[in-house]
Amino acid sequence: MVSFLSSLFVAAATVSSVFALPTADVLEVRDELANVTERGLLERSGTASSTGTNNGYYYSFYTDNNAYVVYTNGPGSEYSVQWSGNGDFVAGKGWNPGSARVINYGGNYGPNPNAGSYLSVYGWTTNPLVEYYIVDNYAAYNPATGLNFKGTVYSDGSTYNIYQGTRTNQPSILGTSTFQQYWSIRQNKRTGGTITTGNHFNAWSRLGLRLGTFNYQIVAVEGFSQSGTATIYVQSS
């Protein structure tokens, strides 16, 4: 009988230990595991698409979630982005609505030499729906590929080639739509300086490329392959 009771006491103690409340050490380990899991998910997903204002500037960050991209609003008018993988993103700071303003910008633009990436003034208009680029720099992929050459304009120390294209059933600020793209692409690439947007808008108009009502307008980094980093600041004079 004594042996039997002893066995019961041992079993009860074992059950009690199994269902005991977790100790501080166990809680610490559990919390660390949760943090590691959260960090891992962030590293795989990057930054979610968003828009808003930061330090008096409008910002826009779009990603199709097919690449790892981290976007960060910095001090003042600065922003940073780093990316890797073959997915599309557009990130930048500027104004909403846009206008024919003079923009000063600078910073560091460092795409992989083999990347598909642009550095540009980027924006949209509605009525008509137009996506537009004033490209100052780009990596391996020439953004003029597949576009229709329309003419040239000289502005801010360089000639820009002007192109027009059509995007059919593609993402836009109004959802999936068919819309026009207007491009000015600088012949002498650079990172930093002045972009007099009105010179481009007027040149486009003379070529029959009509803009509508301005939506947002940002100095943007776009990427869609390989990897890179950039830190850009913007100003309007």
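The values are calculated or read from the model by the stated rules, or taken from the named source; none is laboratory data. All of these numbers come straight from a predicted model, not from anything done at the bench. Note that we place each Cβ from the backbone using ideal geometry, even for glycine, and neighbour counts take in every protein chain shown. The accessibility values were calculated without ligands, DNA or RNA, using every heavy atom of the protein model including side chains. Shrake-Rupley method; radii C 1.70, N 1.55, O 1.52, S 1.80 Å.
Could you give the Stokes-Einstein D for the stretch 116-215 in µm² per second, using the C-alpha Kirkwood radius, 37 °C, 0.692 mPa s?
Numbers: Rh = 13.7 Å.
After rounding, the answer is 239 µm²/s.
Database remark: amide H of LYS150 closer than 5 angstrom to the amide H of ILE162, TYR163, GLN164 (H placed geometrically; neighbours at sequence offset of 5 or more, or on other chains; Pro and chain starts carry no H).
I need the fraction of alpha carbon pairs in the stretch 170-237 separated by more than 20 Å, rounded to a whole percent. Mind showing how you got there, number by number?
Working: 1069 of 2278 pairs.
Counting pairs separated by more than 20 Å, the tail of P(r) holds 47 percent.
Between THR51 and ASN202, the FRET efficiency estimated from the beta carbon spacing at R0 = 45 angstrom works out to 0.95.
Could you state the accessible area per residue of the stretch 64-203 in Å², with a 1.4 Å probe and every protein chain left in place?
Values: 5510 Å² over 140 residues.
Accessible surface, normalised per residue, equals 39 Å².
Taking packing as the residue-averaged number of other Cβ atoms within 10 angstrom, the listed peptides 219-231, 69-81 run from highest to lowest as 219-231, 69-81.
Applying the criteria of a DSSP loop state and at most 14 other Cβ atoms within 10 Å to the trypsin sites (Lys or Arg not before Pro) of the stretch 145-237 yields LYS189, ARG190, ARG210.
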